[in-house]
Amino acid sequence: MADDKDVLRDVWFGRIPTCFTLNQDEVTEREAEAYYLLLPRVSYLTLVTDKVKKHFLKVMRAEDVEEMWFEYEGTPLKWHYPIGVLFDLHASNSVLPWSISVHFKNFPDRDLLHCPSSSVIEAHFMSSIKEADALKHKSQVVNDMQKKDHKQLWMGLQNDKFDQFWAMNRKLMEYPTEEGGFRYIPFRIYQAMSDRPFIQKLFRPVSPEGNAYTLGDLLKEMYPAAITNDGEQKRYQVVIHGIEPLLETPLQWLSEHLSHPDNFLHICVVPTPSD
């Protein structure tokens, strides 16, 4: 893989300043103060909010506490989406800090998966990595890894250890030079204005003639409305890790450098803010 290590590092260490407040419907013994945290974009809400939970439990009675869940402006936040994706999808044009509401009852079963322990997050994370490798290498790389290698990927994410994670993840980003890229690009396109969870189809990084496909090529095929034609007003922003990459960027490069630790390229299409 092309070694743009600074890009990988910048992606890994991206943070979102966040203010957690207890929802007003929760019963407390005294007033709950807000809790501030820098959330890692590449992690998962339920993996990095133990401190938030401890903070609010201090003012609550045990009988009023069920499973913790989060909401932003009326939308329950799916913990199994990476934090950066949740922010880009729901709050990318809002003022920082990101304001998240914390709940301990009335869990919205229709909207959210339960997350009773970190082993559930680990299982979700590893299944995403395996799915991505099936697309990239017909599962050959992930199947050649030992259990301890899988554990190293997970522990790297869980403990925020960039070098530990990338020492192993590097293998998942390699491909034969003559092929010019992965077999297929693992990607998901999320739309802020849609009930559909995301778009995910097969898409190769290189054309039959050997030309590199770009982000623009992918969008033309999967979500043409996101592309602004000449003379049109820009209706959508195409956001990856909080930035709008050029549509001319090769998809293979994006997959190697801007994928989340789960090895998927998560692309958010959000309406352009009206000033």
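For region 22-50, taking the residues that are over 12 Å from residue 104 (Cα atoms) and among the hydroxyl-bearing types (Ser, Thr, Tyr), the one that is surrounded by the most Cβ atoms within 10 Å (Cβ to Cβ) is identified as 44.
So, in region 69-102, how many residues would count as being in a loop (DSSP other than H, G, I, E, B), of a type outside the set (Asp, Glu) and open to solvent by 30 Å² or more (accessible area, probe 1.4 Å)?
Final tally of qualifying residues: 9.
Considering region 174-197, the residues that are under 20 Å from the mean Cα position of the chain (by Cα) and open to solvent by less than 10 Å² (accessible area, probe 1.4 Å) include one that is nearest to residue 253 (Cα to Cα), namely 185. Taking region 77-113 only, how many residues are acidic (Asp, Glu) and in contact (Cβ under 8 Å) with a residue 40 or more places away in the chain? Qualifying residue count, region 77-113: 1. Going through (1) open to solvent by 50 Å² or more (accessible area, probe 1.4 Å); (2) in a loop (DSSP other than H, G, I, E, B) one by one, residue 53 falls short only on (2).
Looking across region 87-141, the residues that are among the acidic types (Asp, Glu) and either farther than 26 Å from residue 35 by Cα or not assigned by the TED database to the domain that holds residue 167 (or both) come down to 88, 109, 111, 131, 133. In region 220-239, which residue that is in a loop (DSSP other than H, G, I, E, B) and of a type outside the set (S, T, N, Q) is nearest to the chain's Cα centre (by Cα)? Taking the candidates together, the pick is 223. The numbered conditions (1) in contact with a Phe, Trp or Tyr (Cβ under 7 Å, 6 or more places away or on another chain); (2) open to solvent by 50 Å² or more (accessible area, probe 1.4 Å); (3) assigned to a helix (DSSP H, G or I) are all true for residue 66 except (3). Here residue 242 clears all of (1) crowded, with 16+ Cβ neighbours inside 10 Å; (2) at positive phi except the condition numbered (1). When we screen 155, 145 for residues that are in contact with a helix residue (DSSP H, G or I) (Cβ under 8 Å, 6 or more places away or on another chain) and over 24 Å from residue 54 (Cα atoms), the only hit is 145. Looking only at residues that are touching a residue at least 40 places away in the same chain (Cβ under 8 Å) and of a type in the set (Gly, Ala, Ser) in region 236-275, which one is nearest to residue 153 (Cα to Cα)? Step by step, filter region 236-275, then rank; the result is 259. Scanning region 117-138 for residues that are open to solvent by 30 Å² or more (accessible area, probe 1.4 Å) and hydroxyl-bearing (Ser, Thr, Tyr) turns up 117, 118, 119, 127.
Give the residue, chosen from 143, 159, that is closer than 13 Å to residue 47 by Cα, free of Cβ contacts under 8 Å to residues at least 24 places away in the same chain and not aromatic (Phe, Trp, Tyr). The unique qualifying residue is 159. Summed over region 66-98, residues that are farther than 14 Å from residue 15 by Cβ, of a type in the set (Gly, Ala, Ser) and at pLDDT 95 or above total 0. Run down 28, 18 and say which single residue is assigned to a strand (DSSP E or B) and either hydroxyl-bearing (Ser, Thr, Tyr) or in contact with a Lys or Arg (Cβ under 8 Å, 6 or more places away or on another chain) (or both). Of the residues listed, the single one that is assigned to a strand (DSSP E or B) and either hydroxyl-bearing (Ser, Thr, Tyr) or in contact with a Lys or Arg (Cβ under 8 Å, 6 or more places away or on another chain) (or both) is 18. Per the conditions (1) within 30 Å of residue 75 (Cα to Cα); (2) open to solvent by 70 Å² or more (accessible area, probe 1.4 Å); (3) free of Cβ contacts under 8 Å to residues at least 40 places away in the same chain; (4) of a type outside the set (Asp, Glu), the sole criterion not satisfied by residue 171 is (1).
The values are calculated or read from the model by the stated rules, or taken from the named source; none is laboratory data. Note that the coordinates shown come from a computational prediction; the quantities given were computed from them, not determined experimentally. So basically every Cβ, Gly included, is an ideal-geometry build from the backbone, and we count neighbours across all protein chains shown. Each accessible area value is taken on the protein alone, full model and side chains, heavy atoms only, with ligands, DNA and RNA left out. Shrake-Rupley method; radii C 1.70, N 1.55, O 1.52, S 1.80 Å.
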